[in-house]
Amino acid sequence: MHERPLAALTLIALVPRLVAAFFSGGYFAHDDHFLIIEAAGSWVDGYDYNYWLPWNQGENPRPSGHSFFYVGLHYLLFSGLKAVGIGDPKALMVVVRLVHALWSLVVVRVGYRIALRLSDAAIAWRTGLFLAIFYFMPFLAVRNLVEVACIPFLMLGAWRLMRTHDRPTLRDVVVAGIWIGMAVNVRFQTLFFAAGPGLALLFQRRWAQAFAYGACVALPLAVVQGGIDSFLWGRPFAELTEYVLYNMANTTTYGVLPWYNYLLLLAGMLLPPLSLAVLFGFFRRPAPLLLWLPLFLFLAIHSYFPNKQERFLLPMVPLFFVVGYTAWERWRLASAWWQQRPGLWRSCMGFVHVLNAIVLVVLCFSYSKRSRVEALYALRDQPPTRGILVEDSAEGEAPMPPLFYLGKWDIAVIPWTGGPGTLAEMLGKWEGAGKPDVVLFIGEKEVKARIARVEAELGPLQVVGQAKPGLLDRTVHWLNPVNRNETILIARTKAAP
């Protein structure tokens, strides 16, 4: 009965995700590239970019506090692709984005099914449509953020809890626990979400189900995390332990924001006035408790924690939308005030859909961090690179070059931000690796004077290329100049005659 709308939603969702997979290159933030792609890519080539592996850390190796499950899957994927002759980094990333695009369809299909349990077919269709084409969904779906990659597991677990209308069987809670435990393997912080259904079952005095659920959340953690860490470190949960210790010691290292910051984020991200309706629907009453409580716990704990990076909230956003939007629609359709003003809500939704469509198209074709990627990729066609000097004395924030696109790991990367000390002193620290033969000048500010300063130490330079930022980078910089918008000048040292 409901397979036709589900198939239609899947097709609608697939189109923008395929577009993003092919045309939305680059990476969104530091973590979705350097903690996943650079690590896995270097392992395949026989190196250890981040020095995460204990045998590359010297006498006293220490875990880095990262799950090896998700990055390990990329390692296996890259190994398989290179074994069949696919080695170009851009081609590898197209495959990675396609895999993530297909994986993200789970969110749309399962979100529709959950909405159908919480409301009716019409509301479920609208819910699924938003999950399919919400402006940020396709763009984030093809990125390598653990906060996004874990979402399908959470949605599958939530569906099992709702499959029989908020009265899950013992088998349902077992399967739900396994799915949610798999999400924790991808993103450790989803433990806060995982605790919610267990507490809800205890509140409802379903003792056997609560115990079974907790045991089944722990099962994939013991098998995956425990197994990987036991192999690497000789003890289970070494990375998880280090992750907890690191975050406890760095609660304010990355900034402190007010407790209501994530509420403001939801209010903006889900597009007002729709976002305000979703927030109203979610907080109107705690139902269904098996979904509401884990979402509330996740939001409350993250709101209490001082370090509030926007991406931390992403694991809960799709399910939060499903619960909040279906609750709002049921309330709105029962409200005499809204029924007397049918045109008001249609106008609100018209505004939301127009704005959403514009941003959706832009993001699906957005090449994020384009200049950094293209600068390194351009060096593949140049003579072998011995070392790279990243010169950013203009702004003093030399970015890390994505070596994955160069395909060479055994080179010195020297950041230069103008001080302290001189460039000669900085280069002296790297004498063992030899002087760099490539210079990346970040930004165009005072570039002639900067080239002259580098030439005084490295000798004559030859400009061999220029990498321009993409539309997304330019737009984000225009909205907030704090965000980088770099044109990168690529120069090489001239060979001695």
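What follows draws every value from the coordinates through simple rules; no lab data is involved. Just so it is clear, the model here is predicted, and its values are computed rather than measured. Note that each Cβ is placed from the backbone with ideal geometry, even for glycine, and that neighbours are counted across all protein chains shown.
Could you work out the per residue convex hull volume over the alpha carbons of segment 331-471, in cubic angstrom?
186 Å³
Using a 10 Å cut-off around each Cβ, can you sort Phe28, Phe139, Phe231, Phe305 from fewest to most neighbouring Cβ atoms?
Phe231, Phe305, Phe28, Phe139
Given segment 1-154, what whole percent of its Cα pairs are spread farther than 22 Å?
Summing the P(r) of segment 1-154 above 22 Å gives 48 percent of all pairs.
Say the dipole of the chain comes from +1 at the beta carbon of Lys and Arg and -1 at that of Asp and Glu; which of Phe139, Val184, Val174 then lies farthest toward its positive end?
Checking the options against the dipole of the chain, the answer is Val174.
Between Val464 and residues 5 or more places away or on another chain, which pairs have amide H atoms under 5 Å apart, with H built 1.01 Å from N, and which residues are they?
Ile490, Ala491, Arg492
I'd like the trypsin sites (Lys or Arg not before Pro) in segment 183-249 restricted to DSSP loop residues with at most 12 other Cβ atoms within 10 Å, sorted by number.
For trypsin sites (Lys or Arg not before Pro) across segment 183-249 that sit outside H, G, I, E and B with at most 12 neighbouring Cβ atoms in 10 Å, the list reads Arg205.
Assigning unit charges at the beta carbon (Lys, Arg +1; Asp, Glu -1) and nothing else, what dipole magnitude in debye, to the nearest 20, does segment 370-493 show about its Cα centre?
My answer is approximately 240 debye.
Roughly what percent of Cα-Cα pairs across segment 177-244 reach past 19 Å?
34 percent
Report the full-extension gain for the segment His165 to Thr487: residue separation times 0.36 nm, less the Cα-Cα distance, to one decimal in nm.
Value of the extension gain: 110.5 nm.
Based on the Cβ-Cβ distance of Phe231 and Asn60, what FRET efficiency does E = 1/(1 + (r/R0)^6) give at R0 = 25 Å, to the nearest 0.05?
Efficiency for this residue pair is about 0.85.
Would you mind working out the magnitude of the charge dipole of the chain relative to its Cα centre, with +1 at each Lys and Arg C-beta and -1 at each Asp and Glu C-beta, to the nearest 20 Debye?
Roughly 1920 debye for the chain.
With unit charges on the beta carbon (Lys/Arg positive, Asp/Glu negative), name the residue among Thr252, Ala300, Gly234 whose Cα is farthest towards the positive pole of the charge dipole of segment 204-333.
Positive-end residue among those listed: Ala300.
Of Lys408/Lys429; Lys82/Lys308; Lys308/Lys445; Lys90/Lys308; Lys82/Lys448, which sit over 30 Å apart, Cα to Cα?
From Lys408/Lys429; Lys82/Lys308; Lys308/Lys445; Lys90/Lys308; Lys82/Lys448, over 30 Å: Lys82/Lys308; Lys308/Lys445; Lys90/Lys308; Lys82/Lys448.
Could you work out the relative contact order of the chain? I mean the mean sequence separation of Cα pairs under 8 Å and 6+ apart, divided by the number of residues, in percent.
16 percent
Roughly how tilted is helix 151-162, in degrees to the nearest 10 and between 0 and 90, from the longest Cα axis of the chain?
It is inclined by approximately 10 degrees.
Using the 10 angstrom Cβ neighbour count as an exposure proxy, how do Asp88, Asp410 rank, fewest first?
Asp410, Asp88
Which of the trypsin sites (Lys or Arg not before Pro) found in segment 140-179 are loop residues per DSSP with 11 or fewer other Cβ atoms within 10 Å of their Cβ?
none
Tell me the mean residue ellipticity at 222 nm calculated for the chain from its helices only (DSSP H runs of n ≥ 4, each -39500 (n - 2.57), averaged over every residue, nearest 500).
-18500 deg cm²/dmol
Can you give me the Kirkwood hydrodynamic radius for segment 272-348, using every pair of distinct Cα atoms, in Å to one decimal?
About 13.6 Å for segment 272-348.
I'd like the distance between the alpha-carbon centres of segment 128-143 and segment 223-238, rounded to an integer number of Å.
34 Å
Compare the Cα positions of Asn50, Ser79, Met93 along the charge dipole of segment 33-134 (+1 at Cβ of Lys, Arg; -1 at Cβ of Asp, Glu; about the Cα centre) and return the one farthest towards the positive end.
Going by the charge dipole, the pick is Met93.
Check Val390: other-chain or 5+ apart residues with amide H under 5 Å from its amide H, H built from backbone geometry?
Ile414, Trp416, Leu440
Multiply the residue separation of Met248 and Glu397 by 0.36 nm, subtract the distance between their alpha-carbon atoms, and state the gained length in nm to one decimal.
Full extension of this stretch gives 51.0 nm more.
Please state, as a whole number in µm²/s, the translational diffusion coefficient that the Stokes-Einstein equation yields for the chain at 10 °C and 1.306 mPa s, with Rh defined as the Kirkwood radius across alpha carbon pairs.
The diffusion coefficient I find is 64 µm²/s.
For Cys348, Cys150, Cys364, which order do you get if you count the other beta carbons within 10 Å of each Cβ and list the fewest first?
Cys348, Cys364, Cys150
At q = 0.15, 0.17 Å⁻¹, what is the log10 ratio I(q)/I(0) for segment 1-81, with the Debye formula run over Cα points and no solvent?
-0.70, -0.80
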